[in-house]
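The values are calculated or read from the model by the stated rules, or taken from the named source; none is laboratory data. These numbers come from a predicted model, not from an experiment. Don't worry about glycine lacking a Cβ; one is built from the backbone with ideal geometry, like all the others, and counts go over all protein chains shown. Accessible surface areas use protein heavy atoms only, side chains included; no ligands, DNA or RNA. Shrake-Rupley method; radii C 1.70, N 1.55, O 1.52, S 1.80 Å.
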Amino acid sequence: MIVVDIRKRLESTEGPFELVVQCKLSPGRIISFFGKSGVGKTSFLRMLAGLMKPDEGQISVNGKLWFHSEKGINIRPQDRRLGFVMQNGGLFPH
């Protein structure tokens with residue numbers, strides 16, 4: 001199970017905003033994140049993968065902390081064994 005409770009201050013074309021994600025993702029389930037451009041979907045995936053650091057909160061996967069702001073834990077991306085394909089040119093380059 002992936003448990004996420006994070007916050008990150010971001011900038012969009014409409015100005016600054018705070019992305020707040022609180023969710024529990026069960027194994028074997030297919031999920032989707034959707035919304036208009038600039039609401040933080042890719043930023044959330046980047047934080048889950050360790051490519052972007054949340055401002056505060058925690059991420060745990062199967063009981064192991066990948067990120068915890070108060071404890072100073074931030075597992076390197078290569079140690080998370082998680083991958084995703086960026087949508088810009090990565091899915092259908094032709």
Practice task
Report the accessible area of LYS71, computed with a 1.4 Å probe over the heavy atoms of all protein chains in place, in Å² rounded to the nearest 10.
Solution key: 140
Handout entry: Gain upon complete extension [GLN78, LYS41; 0.36 nm per residue less C-alpha separation]
Key = 11.2 nm
Practice task
For the chain, calculate the relative contact order in percent as a whole number, restricting contacts to Cα pairs under 8 Å that are 6 or more residues apart.
Solution key: 26
Handout entry: the chain - accessible surface per residue (Å², probe 1.4 Å)
Key = 73
Completion exercise
Env charge @ ASN74, Cβ radius under 14 Å, K,R +1 / D,E -1, value +3
Exercise for the section: Multiply the residue separation of VAL3 and GLU18 by 0.36 nm, subtract the distance between their alpha-carbon atoms, and state the gained length in nm to one decimal. Expected result: 3.5 nm
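If eta is 1.306 mPa s and T is 10 °C, what Stokes-Einstein diffusion coefficient results for region 34-84, Kirkwood Rh from Cα pairs, in µm²/s?
Details: Rh = 11.5 Å.
In µm²/s, the coefficient is 138.
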Problem - Separation of the LEU51 and VAL85 label points, Cα + 7 Å toward Cβ, nm - result: 1.4
Problem - ³J(HN,Hα) computed for each position of region 12-21 - Karplus, 6.51 cos²θ - 1.76 cosθ + 1.60, integer Hz, glycine/proline x - result: 10, 5, 9, x, x, 7, 10, 8, 10, 10
Problem - Computed P(r) (all Cα pairs; region 7-59; 5 Å bins; percent) - result: 4, 17, 28, 27, 15, 6, 2, 0
Completion exercise
Excluding ligands, DNA and RNA, the carbon-plus-sulfur percentage of the accessible area of the chain with a 1.4 Å probe reads 51
Exercise for the section: Among the GluC sites (Glu not before Pro) in region 1-30, which ones are in a DSSP loop with at most 13 other Cβ atoms within 10 Å of the Cβ? Mind listing them? Expected result: GLU14
Fill in the blank from the handout: The answer for GLU56, listing residues at least 5 apart or on another chain whose modeled amide H is closer than 5 Å to its amide H, is ARG7
Practice task
Kindly provide the pair-distance distribution of the chain built from C-alpha pairs, with 10 Å bins from 0 and whole-percent values in order of increasing distance.
Solution key: 15, 46, 32, 7, 0
